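Here is the structure we will look at, set down as structure tokens.
The values are calculated or read from the model by the stated rules, or taken from the named source; none is laboratory data. Note that the structure is predicted; figures quoted are calculated from it, not measured. Please note: Cβ atoms are built from the backbone with ideal geometry, for glycine as well, and neighbour counts cover all protein chains shown. The area values use the complete protein model at the heavy-atom level, side chains included, leaving out ligands, DNA and RNA. Shrake-Rupley method; radii C 1.70, N 1.55, O 1.52, S 1.80 Å.
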Amino acid sequence: QFLFVVTFTTFLLCCVEYDVLFANRPLNHSHAGGAAPDRGKVTLPDAVLPAPQCARRIRASGWIIFLLVMAAVFWLYRLVKVVCSLLSYWEIRTFYVKALNIPSEGLCNYSWQEVQARLISLQRRQQMCVHKRELTELDIYHRILRFKNYTVAMVNKSLLPVRFRVPLLGPVVFLTQGLKYNLELLLFWGPGSLFQNKWSLRPQCKRAGARRELARRLARAMVLLGLANLLLCPCVLVWQLLYAFFSYAEVIKREPGSLGARRWSLYGRHYLRHFNELNHELQARLSRGYKPATKYMNSFTSPLLTVLAKNVGFFAGSILAVLIVLTVYDEDVLTVQHILTAITLLGLVVTLARSFIPDEHTVWCPEQLLQRVLAHVHYMPDHWQGNASRSETRGEMAQLFQYKAVSAGTAEPGGRWDPPPAPPDAPHHPQVFILEELLSPILTPLILIFALPARALDIVDFFRNFTVEVVGVGDICSFAQLDVRNHGNPQVGGGRPRVGVGGPGRGPAHPRAPQWLSAGQTEASVYQQAENGKTELSLMHFAITNPRWQPPPPSELFLSQLKEKVQQDAAAAPPAQRILAEGPLGTSLLS
């Protein structure tokens with residue numbers, strides 16, 4: 001794709017004669033045997049310049065040559081990475097076939113739990129990890145998710161990403177793929193990062209006396225990396241624009257309403273992720289919550305916008321119908337200048353207008369829809385309960401479940417309208433995925449230069465205070481040990497899988513929230529505890545996903561008490577028929 005985009009863009013800039021293509025300049029065509037009458041039709045070969053002339057145009061433009069050189073350097077870098085990855089993949093394939101006895105053609109028939117069980121059994125027989133006799137499921141997850149657990153913990157403790165207030169927009173959380181790549185380069189695998197290799201933190205990072213010197217080095221590295229990003233900004237920005245155009249232009253023409261769909265934001269994926277949750281586990285969980293989340297967000301409608309969309313659709317559809325009838329009656333209408341452009345644009349307007357008109361058969365049941373989202377997302381502040389129909393609740397949900405391309409504060413397909421802002425202490429504006437990625441080359445260097453250096457000391461302290469060395473695994477984030485005693489949070493959640501998404505690190509989701517069952521079992525201070533009950537939730541999720549795992553005694557005590565509490569709640573719960581009858585959907589069905 002990269003080679004195609006670069007080659008095709010260069011061809012469009014230097015090898016096409018647009019005056020001929022647009023018929024602004026007549027061409028005289030002649031046969032080899034003599035002159036022939038001019039023909040008015042222009043073919044594509046007529047507008048393409050010969051190869052020597054195209055090459056001269058490329059050599060005459062220093063800017064194009066510079067971009068081509070930068071593209072070639074980047075492509076060679078990617079080629080080296082691909083070759084290294086292929087060698088690594090070949091080693092993995094050999095390990096699966098020879099050590100785990102899993103043939104390549106049958107790999108798709110194995111679940112991750114089966115692969116993991118074979119790996120644990122192989123360790124018992126051959127002791128691949130020489131430092132310990134037994135490998136547990138938690139050890140394997142620690143090796144795979146070493147860096148990811150650090151990132152999830154920093155998001156949970158509000159160290160990352162950067163929050164800032166934008167005029168007219170209010171508080172904004174900015175996290176893109178480009179910024180995430182730079183952060184990982186700084187912290188985990190880049191030259192001079194805090195990790196000296198894939199499994200061990202630098203020794204000076206563990207010494208309290210070196211914290212200020214390390215923080216100065218990290219801040220300086222952030223500034224230098226920001227300057228490098230600023231220098232490469234034109235190249236990256238050109239690439240982002242071209243790639244977005246080639247990726248979404250056809251989608252806009254074929255299905256304009258698709259860009260108004262939503263997706264789990266990059267920030268939302270990190271915020272909703274449990275400790276020790278693999279990529280496919282997170283993807284499956286969020287995918288199950290996608291449809292109910294979409295239905296919940298789409299349940300908010302604007303009558304004024306619906307009336308406006310109906311009228312715009314009627315006017316545009318009427319003009320489009322007349323043009324189509326005239327084209328059917330006489331195809332020469334298509335030769336009129338810009339008639340095809342008008343038909344295409346009117347079709348887009350009609351499609352967009354229809355997407356803003358809600359389904360007349362929709363049943364208004366936001367509480368039930370939000371409960372369905374909670375069943376998969378696992379995080380919900382207590383003040384959402386009973387307030388699912390409020391715009392503030394939807395605004396808090398919108399920071400995690402963002403638009404793909406519709407501007408913040410605008411309507412979304414289906415007659416849905418972005419409601420009034422959420423409370424000022426939480427970022428509430430729908431993040432715009434495509435717009436964010438397009439602005440990332442500009443904003444990322446600014447964040448690296450001006451915003452992140454102030455947090456360098458806090459980041460160094462975080463890695464020093466929350467890193468533990470596990471035999472046979474290496475240095476890992478202590479939150480990933482799922483230790484309720486050292487990182488439990490007794491202040492939020494009420495013993496249920498429901499905590500705040502109004503912003504990690506803000507303390508209790510509700511000032512009068514009942515306590516977790518870990519109250520009295522934890523010795524963690526406010527600084528040591530994971531915010532919003534993430535340790536407890538992650539422990540529950542890991543124990544359910546890996547039923548053969550033997551948790552340490554404190555965690556096992558917490559899980560056993562939780563099971564007892566769930567059984568008591570289930571025994572005291574009202575019958576399912578009465579719960580169903582209390583909601584508007586149930587009333588409608590039972591009527």
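Highest mean first, how do 389-397, 451-459, 93-101 rank when packing is the count of other Cβ atoms within 10 Å averaged over residues? Please list the in-between numbers first.
Values: 389-397: 20.3, 451-459: 17.8, 93-101: 13.1.
By packing density, highest mean first, the sequence is 389-397, 451-459, 93-101.
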May I ask which of Lys157/Lys180; Lys180/Lys206; Lys148/Lys534; Lys148/Lys180 have a Cα-Cα span longer than 20 Å here? Lys180/Lys206
Leaving out ligands and nucleic acids, and using a 1.4 Å probe, what accessible area per residue does the stretch 154-294 come to in Å²? 49 Å²
Around Leu21 (Cβ within 15 Å, Cβ-to-Cβ, excluding Leu21; K/R +1, D/E -1) the net charge comes to -1
Taking every C-alpha to C-alpha distance in the stretch 276-409 and binning by 10 Å from 0, the per-bin percentages run 10, 29, 25, 17, 13, 6, 1
As a test question: what accessible area, to the nearest 10 Å², does Thr335 have when a 1.4 Å probe is rolled over all protein chains in place? 110 Å²
Of the trypsin sites (Lys or Arg not before Pro) in the stretch 168-245, which ones lie in a loop per DSSP and count no more than 11 other C-beta atoms within 10 Å? Lys198
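Rounded to the nearest whole Å², what accessible area per residue is found for the stretch 90-132 with the 1.4 Å probe? Write out the running numbers ahead of the final one.
Working: 2970 Å² over 43 residues.
Accessible area per residue, the stretch 90-132: 69 Å².
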Rounded to whole Hz, the Karplus (6.51, -1.76, 1.60) HN-Hα couplings of the stretch 357-362, x for glycine and proline: 9, x, 5, 5, 9, 5
Lysines near Lys291 by alpha-carbon distance under 22 Å, same-chain residues fewer than 8 away left out - which ones? Lys404
Leu230 - accessible surface, heavy atoms, 1.4 Å probe, Å² rounded to 10: 80 Å²
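Work out, step by step, the length gained on full extension between Glu91 and Gln550: first 0.36 nm times the residue separation, then minus their alpha carbon distance; give nm to one decimal.
Working: separation 459, 0.36 × 459 = 165.24 nm, distance 3.07 nm.
This chain segment gains 162.2 nm when fully extended.
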